[in-house]
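J.: Structure incoming, see below.
The values are calculated or read from the model by the stated rules, or taken from the named source; none is laboratory data. Values in this document were obtained by computation on a predicted structure and should not be read as measured data. For neighbour counting, all protein chains shown are included, and Cβ atoms are generated from backbone atoms with ideal geometry for every residue, glycine included. These area figures cover heavy atoms from the full protein model, side chains too; ligands, DNA and RNA do not enter into them. Shrake-Rupley method; radii C 1.70, N 1.55, O 1.52, S 1.80 Å.
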Amino acid sequence: SLCYKGHCEVLPGCHASASVLFAVFRQVHGIVRRSSSFNTGRIEHLYKNPQTHTEGNMKLHYGDLTDSTCLVKIINEIKPTEIYNLGAQSHVKISFDLAEYTADVDGLGTLRLLDAIKTCGLIGSVRFYQASTSELYGKVQEIPQRETTPFYPRSPYGAAKLYAYWIVINFREAYNLFAVNGILFNHESPRRGANFVTRKISRSVAKIHLGQLDCFSLGNLDSKRDWGHAKDYVEAMWLMLQQDEPEDFVIATGEVHSVREFVEKAFKHVGKTIVWEGKDEKEVGRCQETGKIHVRVDQKYYRPTEVDYLQGDSSKALKKLGWKPRVAFEELVKEMVDADIQLMKTNPNA
């Protein structure tokens, strides 16, 4: 989550978002979970001195979305005017294995934040952004999905985020809190977590290109997603909190691409043409130029209930926020692959 008072609170979440909002705000405050090792690698460039983790205009506080006392303490101390709740257990597949934890962090964690705002007497001065998700649509009821499309979540993650979505609306209507849901479709960047499919592809392609890896495994190659760039989407988040009235918005590119297509574009960028052979779990992606198999399918990466197709309609955001995406799909893929090539050159074990 993030907050602003010329300030910004950052709870555990999207580090790419922290980077963009840091450029907007005078000072950024973040909440980071306690760990025996440093877990701020994706925002190290925001430190005044990255080598010593010396804080400058970014200040981090130990805390957790499962701990309401610490949330009250931190919010009362900082008294922010904008809070961006980006904190979540956000991996959909893992949410099936950590269902209770996901519900606690993603669902009740949002309630704890809202209650902390109320407890601190900041209802009238805080603007609250909730990171909702296209996974709310799950088994899609219409194409494309817009603000009025019925929800049908297909994972513990989606179900927890649905609770968060409605509790935000409840606080907005019950207490007149300026609170909004940004229903963001998949947004990616070189800072995406390594176990998310887009980053897994870009890292693996980079390693294969550098001769550090021969093959990697994926799940459903035919899942189709509406992928955009995180920096575009964070601009939309910020714009939502600058409006006169709080409203919920879908943020998306309106374009759909499959996991298979992401793989093909990533390999094409490094001069390899992937040819698909076989069917279902026996399918492989073979390099046309060398004959080597670089991609395999593994059932362990499939979800118990699959979300096959997500496509957003952000026409409301264009009309009311003046927002539209700037980074095209192919440009996003190239940026991620290039960044991982540079990373693997300096740190092959990254």
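J.: Find how much the distance from Y163 to S217 grows on full extension, using 0.36 nm per residue of separation minus their present alpha carbon separation; answer in nm with one decimal. Working shown, then result.
T.: On the way: separation 54, 0.36 × 54 = 19.44 nm, distance 3.32 nm.
Taking 0.36 nm per residue and subtracting the Cα distance, the gain is 16.1 nm.
J.: Where the eigenvalues come from the Cα gyration tensor of segment 109-170, what are the semi-axes √(5λ) of the equivalent ellipsoid, largest first, in whole Å?
T.: Rounded to whole Å, the semi-axes are 27, 12, 7.
J.: If you don't mind, there's one more thing I want to ask. Among W276, L241, I123, pick out the residue whose Cα is farthest towards the positive end of the charge dipole of the chain, where Lys and Arg carry +1 and Asp and Glu carry -1 on C-beta, about the Cα centre.
T.: Positive-most Cα among the choices belongs to W276.
J.: Moving on to the next point. Search the structure for amide H atoms under 5 Å from the amide H of Q145, placed 1.01 Å from N in the peptide plane, and list their residues when 5 or more places away or on another chain.
T.: Answer set, sorted by chain and number: Q311, G312, D313.
J.: Applying the Karplus parametrisation 6.51 cos²θ - 1.76 cosθ + 1.60 with θ = phi - 60° to the phi angles of segment 336-350, what ³J(HN,Hα) value in whole Hz is obtained for each residue in order, glycine and proline being reported as x?
T.: Those phi angles translate into 5, 5, 4, 5, 6, 4, 5, 5, 5, 5, 8, 8, x, 8, 5 Hz.
J.: Grab every C-alpha pair in segment 62-191, bin the distances at 10 angstrom width from 0 up to the longest one, and report whole percents.
T.: 13, 42, 34, 11, 1
J.: Using Cα positions and a limit of under 17 Å, work out the aspartates and glutamates in reach of K73, with same-chain residues fewer than 8 apart set aside.
T.: Partners within reach: E9, D64, E82, D115.
J.: On to the next question. To make sure I understand the rule: partners must be lysines, Cα under 17 Å from the Cα of K224, and not fewer than 8 residues away in the same chain. Which ones qualify?
T.: Correct list for K224: K93, K139, K200, K265.
J.: With every protein chain left in place, what is the accessible area per residue of the chain in square angstrom, probe 1.4 Å? Spell out each step's value before the answer.
T.: On the way: 15480 Å² over 350 residues.
With all protein chains present, the chain gives 44 Å² per residue.
J.: How large is the charge dipole for segment 255-326, taken about the Cα centre, if only the Cβ atoms of Lys, Arg (+1) and Asp, Glu (-1) carry charge, to the nearest 20 debye?
T.: Roughly 440 debye, rounded to the nearest 20.
J.: Which loop GluC sites (Glu not before Pro) in segment 221-263, with loop taken from DSSP, have no more than 16 other Cβ atoms within 10 angstrom of their Cβ?
T.: On the way: sites: E235, E247, E255, E261; in loops: E247, E255.
Of the GluC sites (Glu not before Pro), the ones in loops of segment 221-263 whose Cβ has at most 16 other Cβ atoms within 10 Å are E247, E255.
J.: With springs only between Cα atoms under 10 Å apart, run a GNM on the chain and tell me which of L65, L122, L136 wobbles the most.
T.: L122
J.: Hand me the chymotrypsin sites (Phe, Trp or Tyr not before Pro) from segment 168-225 located in a DSSP loop with no more than 16 other Cβ atoms within 10 Å, in residue order please.
T.: Sparse-neighbourhood loop chymotrypsin sites (Phe, Trp or Tyr not before Pro): F196.
J.: Under the rule of at least 5 residues apart or a separate chain, name every residue whose amide H is placed under 5 Å from the amide H of V28.
T.: Distant-sequence amide H within range of V28: C8, M58, K59.
J.: Now, a different point. What length, rounded to one decimal in nm, is gained on full extension from D308 through to E330, with 0.36 nm per residue of separation minus their alpha-carbon distance?
T.: Contour length minus the Cα-Cα distance gives 5.8 nm.
J.: Identify, among F262, A103, F185, the residue whose Cα sits farthest towards the positive end of the charge dipole of the chain, taking +1 on the Cβ of Lys and Arg and -1 on the Cβ of Asp and Glu, with the dipole about the Cα centre.
T.: Value: F262.
J.: Can you list the HN-Hα couplings for segment 153-169, worked out from phi with the Karplus curve (6.51, -1.76, 1.60; θ = phi - 60°), rounded to whole Hz and with x for Gly and Pro?
T.: Whole-Hz 3J(HN,Hα) from phi for segment 153-169: x, 10, 7, x, 4, x, 5, 5, 5, 5, 4, 4, 4, 6, 6, 5, 4.
J.: So who's got an amide H within less than 5 Å of the one on D248, skipping anything under 5 residues away but keeping other chains? H placed 1.01 Å off N, in plane.
T.: Residues meeting the criterion, in which the H sits 1.01 Å from N, are N181.
J.: Roughly what would the spin-label model give for E255 and D104, points 7 Å off Cα along C-beta, in nm?
T.: Those two pseudo-labels are separated by 4.1 nm.
J.: So for the pair K319, T148, with labels modelled 7 Å out along Cα→Cβ, what separation do we get in nm?
T.: Here the answer is 0.9 nm between the modelled labels.
J.: Still on this structure, please answer the following. Using a simple spin-label model with points 7 Å from Cα along the Cα→Cβ vector, what separation in nm is obtained for K279 and H61?
T.: A separation of 5.8 nm, rounded to one decimal place.
J.: Related question: Please give the charge dipole size of segment 159-220, origin at the Cα centre, charges +1 on K and R Cβ atoms and -1 on D and E Cβ atoms. Round to the nearest 20 debye.
T.: With only Lys, Arg, Asp and Glu charged at Cβ, the dipole is about 180 debye.
J.: For the chain, modelled as a Gaussian network with Cα springs under 10 Å, which listed residue fluctuates most, G193, G291, G107?
T.: Maximum among the listed residues: G291.
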